[in-house]
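What follows is a single structure, written as structure tokens, with notes after it.
The values are calculated or read from the model by the stated rules, or taken from the named source; none is laboratory data. None of the values given here were measured: they were computed from a predicted structure. Heads up, the Cβs are rebuilt from the backbone with ideal geometry, glycines too, and the neighbour counts pull from every protein chain shown. All accessible areas refer to the heavy atoms of the entire protein, side chains included, with ligands and DNA or RNA removed. Shrake-Rupley method; radii C 1.70, N 1.55, O 1.52, S 1.80 Å.
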Amino acid sequence: MHTRRSLLTTTGAVLATFQPASLAFAQSSKDRVVAALGSDVATLDPTINHAIISYNARINIFDALTDIGPNNEPIPRFATQWEESSDAKTWTFTIRTGAKFHNGDPVTIDDVIYSYQKIMDDERSPTRIHVNHIATIDRVSDTQLRFNLHAPFAPFARTASIICVISKRAYQEMGADAFGKRPVGSGPYKVVNWIKDDRIELQAFDDWWGGAAAVKSVWMRAVPSEASRSAALLSGEVDIVPQTPPALIQTFSNRSGIKTKTGPGYKVVFLGFNPANRNLTDLKMRQAIDMAIDRNAITKQLLRGLAVPTGQIVAKVSFGHDSNREPTKFDPERAKQLVKEAGYQGEPIPMQYPSDYIASADAVATAIAGYLRNVGINVKLEGMEYNTFYSTWLVRKLPGIHLFVFGPNFLDADSPIFSIFVSKGRRGYMFTDHVDELAEAARSAADPNKRAKLIADLWTASDAYKPFAFLYEENQASAMRSDIEWEPQPDGFVRFWKVRRTKAP
């Protein structure tokens, strides 16, 4: 079949671009670990930025009450323990004592409350979506705070891993702009330099409550090109490429001085539709697009088996994944018929995507365009830098089809549901009252079995109007220098305090 041959040709092109050229990187050193990321961050202020691309920075600079552990469950971080009421409506956290901010100030319960309250009071903050279930916060004592929720919310301990603890005094004295460039956190690393669109330089914070990190210096480099990230790893100019193109995993496995690690991921790649585009208003067109794509060919050939076809927005590692749901069946003949019934006249439909964030994004987008062309649908591809794409996605200004990836970093379906499925989320384009009702019921269900059933019903209900076409789960694929010891988690974020550099034999 022509499209399958095209997929293999595209994969070959990706491999052909890979060459260990000399790049303008500072050489890695024994006391420094350099990680190559797909994009820079828009700001280091965690109260107004919750973009996934910036989480590698946030998780190392700031503490949160919890973290997501290797077993995909919430674990203590700045909180030492927590208790929930029987109806999951009241949550009480006990925080650590003796912790310090990077400026030497003690971390107090008031700083924790301020960090939450600031986001709760800022209607423009995209991070607010993760705290809008909080009604009030009580200061129980110098070491305890209580969250009173509007309704029961079972995944609260998970979402607590997202909200960063910031210094109230530093934020108010510095102002938002200055804080966003040189933030004051209490995490294992502090910011010493940020060169926009080049690198963020971190230094181990010796007074971190968890103990000084083994790696004293960390550089997070913004390298949009997959080929450039790979070349820099081969030359020793970077040590870790957390998101490695599947086509290169096998190549790296045979290279001296490089090792690779793969495993389950938490992100799902999907297509979203803006029904305001007259070519996407008809449900039949959206169904045709869904049926026209051969997910097996994309995942097995183009992505070398480092992806799994899916029929839902959450991966297997996340709560809310329904094991009974199957991916949409590849049916180009039915898709052609639906296109004809919809009266589509061949007008090009824009398809935008972040070219520096989805693994092999350009190749995947080209393959999808080929499948759609085979059923009579013309798309105009537009790869975008992540921050540009993301800011446009946030305000729902993508005019046609968009190829994107969603990964709830607290591994729970509540995140995509209240971001892109419900009307209050304001990130999606199509909503129904029924889905809104199911979402609220699921969020309020304290019993996990009942909650899982409600989420499964929500996925089924959304099928009726097809707001998305779910494509595949991305596996986690990372490459690193052989002297680096790091065990990736499904979320793929580099917790640098857990990284070690082994001594040469």
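What residue, among those in segment 127-138 that are polar (S, T, N, Q) and either more than 19 Å from SER85 (Cβ to Cβ) or in contact (Cβ under 8 Å) with a residue 24 or more places away in the chain (or both), is surrounded by the most Cβ atoms within 10 Å (Cβ to Cβ)?
Looking at the filtered set, the residue picked out is THR127.
Go through (1) surrounded by fewer than 21 Cβ atoms within 10 Å (Cβ to Cβ); (2) assigned to a helix (DSSP H, G or I) for ALA247 and report which single condition fails.
Status for ALA247: all satisfied but (1).
So, in segment 167-204, exactly how many residues are of a type in the set (Phe, Trp, Tyr) and in a loop (DSSP other than H, G, I, E, B)?
Number of matching residues: 0.
What number goes with the only condition from (1) of a type outside the set (Val, Ile, Thr); (2) outside any loop (DSSP other than H, G, I, E, B); (3) open to solvent by 10 Å² or more (accessible area, probe 1.4 Å) that GLU237 does not pass?
(2)
Look through segment 473-505, keep the residues that are open to solvent by less than 20 Å² (accessible area, probe 1.4 Å), among the acidic types (Asp, Glu) and in a strand (DSSP E or B), and return whichever of them is farthest from LYS30 (Cα to Cα).
Here the residue is GLU473.
Scan segment 205-234 for residues that are open to solvent by less than 20 Å² (accessible area, probe 1.4 Å) and assigned to a helix (DSSP H, G or I) and report the count.
The total comes to 5.
Out of curiosity, is ALA297 among the hydrophobic types (A, V, I, L, M, F, W, C), touching a Leu at 6+ places or on another chain (Cβ under 6 Å), at pLDDT 90 or above and in a helix (DSSP H, G or I)?
Yes.
In segment 89-103, which residues are in a loop (DSSP other than H, G, I, E, B), surrounded by fewer than 18 Cβ atoms within 10 Å (Cβ to Cβ) and in contact (Cβ under 8 Å) with a residue 60 or more places away in the chain?
So in segment 89-103, the residues in a loop (DSSP other than H, G, I, E, B) come out as 89, 96-99, 101-103.
Now narrow it down to the ones that are surrounded by fewer than 18 Cβ atoms within 10 Å (Cβ to Cβ): 96-98, 103.
Answer for segment 89-103, where residues must be in a loop (DSSP other than H, G, I, E, B), surrounded by fewer than 18 Cβ atoms within 10 Å (Cβ to Cβ) and in contact (Cβ under 8 Å) with a residue 60 or more places away in the chain: ARG96, GLY98, ASN103.
Of all the residues that make up segment 375-388, how many are over 14 Å from the mean Cα position of the chain (by Cα), not small (Gly, Ala, Ser) and not in a loop (DSSP other than H, G, I, E, B)?
6
Out of all the residues in segment 157-179, which are of a type in the set (A, V, I, L, M) and either under 21 Å from THR66 (Cβ atoms) or open to solvent by less than 50 Å² (accessible area, probe 1.4 Å) (or both)?
ALA157, ALA160, ILE162, ILE163, VAL165, ILE166, ALA170, ALA178
Go through segment 432-472 and give me each residue that's assigned to a helix (DSSP H, G or I), touching a residue at least 40 places away in the same chain (Cβ under 8 Å) and open to solvent by 30 Å² or more (accessible area, probe 1.4 Å).
GLU440, SER444, PRO448, ALA452
Does any residue of segment 180-203 turn out to be of a type in the set (Lys, Arg), under 25 Å from PRO488 (Cβ atoms) and open to solvent by 10 Å² or more (accessible area, probe 1.4 Å)?
Yes, that holds for at least one residue.
Would you point out which residue out of SER86, SER141 is assigned to a loop (DSSP other than H, G, I, E, B), surrounded by fewer than 19 Cβ atoms within 10 Å (Cβ to Cβ) and either touching a residue at least 40 places away in the same chain (Cβ under 8 Å) or among the basic types (Lys, Arg) (or both)? First the steps, then the outcome.
Details: SER141 fails: either touching a residue at least 40 places away in the same chain (Cβ under 8 Å) or among the basic types (Lys, Arg) (or both).
Residue meeting the stated conditions: SER86.
Check ALA369 against each of (1) of a type outside the set (Phe, Trp, Tyr); (2) open to solvent by 40 Å² or more (accessible area, probe 1.4 Å); (3) more than 22 Å from the chain's Cα centre (by Cα) and name the one condition it does not meet.
(2)
For segment 372-392, give me the residue count where each residue is open to solvent by 10 Å² or more (accessible area, probe 1.4 Å) and within 21 Å of TYR55 (Cβ to Cβ).
Counting residues in segment 372-392 that are open to solvent by 10 Å² or more (accessible area, probe 1.4 Å) and within 21 Å of TYR55 (Cβ to Cβ) gives 7.
If I filter segment 61-83 down to residues being closer than 25 Å to ASN49 by Cβ and in a loop (DSSP other than H, G, I, E, B), which single residue comes out as modelled with the lowest pLDDT?
ASN72
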